[in-house]
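This report concerns only the one structure given below.
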Amino acid sequence: MKAFEQNIRKVEPYVPGEQPQRRVIKLNTNENPYPPAPGVTKALREMDADRLRLYPDPEADVLVRELADYYHVGKDQVFVGVGSDDVLSMCFLTFFNSDKPILFPDITYSFYKVWAGLYKIPYECQKLSDDFHMVKEDYYKENGGVIFPNPNAPTALYEELDTVEDIIAHNEDVVVIVDEAYIDFAGRSALELLDRYDNLLVVQTFSKARSMAGMRIGYAIGSPLLIKYLNDAKYSFNSYTMNAASLVCGAEAVKDRAYFEDRVRAVVETREWAKVELGKLGFRFPDSGANFIFATHPDHDAKELFEALKANDIYVRYWGSERIEQYLRISIGTREEMTALFSFLNKYLNR
């Protein structure tokens, strides 16, 4: 090791899903298979390129205002960032500064461990039950903060709101972050609890239900106090996190509620059909509340199946991690893409 390396921060990075740059059936990163709202396309076509020579609004007012109106909260309750990953990273930096460990599930979004390592935050993983549900009593102990996705990733399981509230109620002395990247495909949001718990922060994204993964827009909603602290950290880091195009296009996406609801409904309908088809092929999976299914087959090795799919230009996600080494995560594509997936699986499993 060279001498200067002794003072370099070393972390184990997050490994994103593969992004093939050719046309394949891409079911590995939970993107929405449908285009964003028509207003987004119109805004991009009509955007004056001369605006790009100027810095964007550091307060992101046009987007914050639309989100506040949509969720019936104050503008001082909304924080936006470059995708929910940026927002969550800022949350770790801002809220998790105790010498006590933060708590999150052992099978969950793998970026949590990365941020904890990056910011030198102690953490403890709480084991999910054998059927992959959170054990709420495990979060009753003393800690430095709590974070969990709902629905969880990669399991796709949605925890009912009473379970979520129970965890928050037992942790009112720390910040509790509910990561709701997939909530629009599931059930009731923890946003319903904001009036009762000023230590609650709910984080959502435009990458899934709003079909804008490539635009990188995420947001947090919470008490004005928590949002103030987030903004203080942001302005100490980078005043201009949101680019001009993201602000304009994000606002247009929020305005079109009808299109949003229609596309969510289409994904959910395809997901429910896909569950039936996977069941016919012998797959087993937790009941999905997300835009993906976390599936295993009792008679076929997951890694071998993953490689066979990839060889035929069908990309799904495989980890090989402890407890989930025999599972694949399959994003919900269009009906045509899913039909192609099932056609291949039927031939492969019955060869």
**Report entry** Scan of the stretch 172-188 for residues that are within 17 Å of residue 219 (Cα to Cα) and within 14 Å of the chain's Cα centre (by Cα), ordered by number
**Finding:** 177, 178, 179, 180, 181, 182, 183, 184
Query raised in the report: Any idea which of 162, 184 is closer than 29 Å to residue 267 by Cα, charged (D, E, K, R) and free of Cβ contacts under 8 Å to residues at least 12 places away in the same chain?
Result: 162
Query raised in the report: Name the pairs whose Cβ atoms lie under 6 Å apart, with the first residue in the stretch 251-263 and closer than 20 Å to residue 47 by Cβ, the second open to solvent by 50 Å² or more (accessible area, probe 1.4 Å) and β-branched (Val, Ile, Thr), and 6 or more positions between them or separate chains?
Result: 251/62
Requested in this report: Being at pLDDT below 95 and among the charged types (D, E, K, R) is the filter here, so list the residues in the stretch 3-44 that pass it.
Outcome: 5, 9, 10, 12, 18, 22, 23
Requested in this report: Test each condition in (1) touching a Leu at 6+ places or on another chain (Cβ under 9 Å); (2) crowded, with 18+ Cβ neighbours inside 10 Å for residue 61 and report the one that comes out false.
Outcome: (2)
Query - Contacts under 7 angstrom Cβ, first residue in the stretch 1-25 being at negative phi and of a type outside the set (Asp, Glu), partner loosely packed, with under 10 Cβ neighbours inside 10 Å and not in a loop (DSSP other than H, G, I, E, B), 6 or more apart - result: none
Query raised in the report: Going by the conditions given, is residue 287 within 19 Å of residue 158 (Cβ to Cβ), open to solvent by 40 Å² or more (accessible area, probe 1.4 Å) and not in a helix (DSSP H, G or I)?
Result: yes
Report task. Quickly run through the stretch 87-110 and pick out the residues that are open to solvent by less than 40 Å² (accessible area, probe 1.4 Å), closer than 28 Å to residue 327 by Cα and not polar (S, T, N, Q). Result -> 88, 102, 103, 104, 105, 107
Requested in this report: Could you tell me whether any residue of the stretch 101-116 is at pLDDT 95 or above and under 14 Å from residue 222 (Cβ atoms)?
Outcome: no
Query raised in the report: For the stretch 300-312, which residues satisfy the criterion of being open to solvent by 10 Å² or more (accessible area, probe 1.4 Å) and in contact with a helix residue (DSSP H, G or I) (Cβ under 8 Å, 6 or more places away or on another chain)?
Result: 300, 308, 312
Report summary line: Filter the stretch 313-351 for residues that are in contact with a helix residue (DSSP H, G or I) (Cβ under 9 Å, 6 or more places away or on another chain), among the hydroxyl-bearing types (Ser, Thr, Tyr) and assigned to a loop (DSSP other than H, G, I, E, B); the one that is least open to solvent (accessible area, probe 1.4 Å) is 334
Query raised in the report: Quick one: residue 298 ticks every box in (1) in contact (Cβ under 8 Å) with a residue 24 or more places away in the chain; (2) more than 22 Å from the chain's Cα centre (by Cα) bar one, so which box is it?
Result: (1)
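Conditions tested, residue by residue: (1) among the aromatic types (Phe, Trp, Tyr); (2) open to solvent by less than 20 Å² (accessible area, probe 1.4 Å); (3) part of a strand (DSSP E or B); (4) on the phi < 0 side of the Ramachandran plot.
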site: 188; (1), (2), (3), (4): no, no, no, yes
site: 202; (1), (2), (3), (4): no, yes, yes, yes
site: 208; (1), (2), (3), (4): no, no, no, yes
site: 216; (1), (2), (3), (4): no, no, no, no
site: 219; (1), (2), (3), (4): yes, yes, yes, yes
site: 232; (1), (2), (3), (4): no, no, no, yes
site: 248; (1), (2), (3), (4): no, no, no, yes
site: 268; (1), (2), (3), (4): no, no, no, yes
site: 278; (1), (2), (3), (4): no, yes, no, yes
Report summary line: Those residues of the stretch 43-60 that are in a helix (DSSP H, G or I) and farther than 12 Å from residue 243 by Cα come to a total of 6
Requested in this report: Would you please list the contacts, defined by Cβ atoms under 7 Å and residues six or more apart or on different chains, that run from a residue in the stretch 60-77 that is more than 19 Å from residue 223 (Cβ to Cβ) to a residue that is among the basic types (Lys, Arg)?
Outcome: 66/255
Report task. Report, ordered by the first and then the second residue, all pairs with beta carbons closer than 9 Å, sequence separation of six or more or different chains, a first member in the stretch 314-326 that is farther than 15 Å from residue 300 by Cβ, and a second member that is assigned to a loop (DSSP other than H, G, I, E, B) and of a type in the set (Asp, Glu). Result -> 315/18; 317/18; 319/325; 322/106; 323/106
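The values are calculated or read from the model by the stated rules, or taken from the named source; none is laboratory data. The shown structure was predicted, so the numbers you read here are calculated from the model rather than taken from an experiment. For neighbour counting, all protein chains shown are included, and Cβ atoms are generated from backbone atoms with ideal geometry for every residue, glycine included. Just the protein is used for accessible areas: all its heavy atoms, side chains included, with ligands, DNA and RNA removed. Shrake-Rupley method; radii C 1.70, N 1.55, O 1.52, S 1.80 Å.
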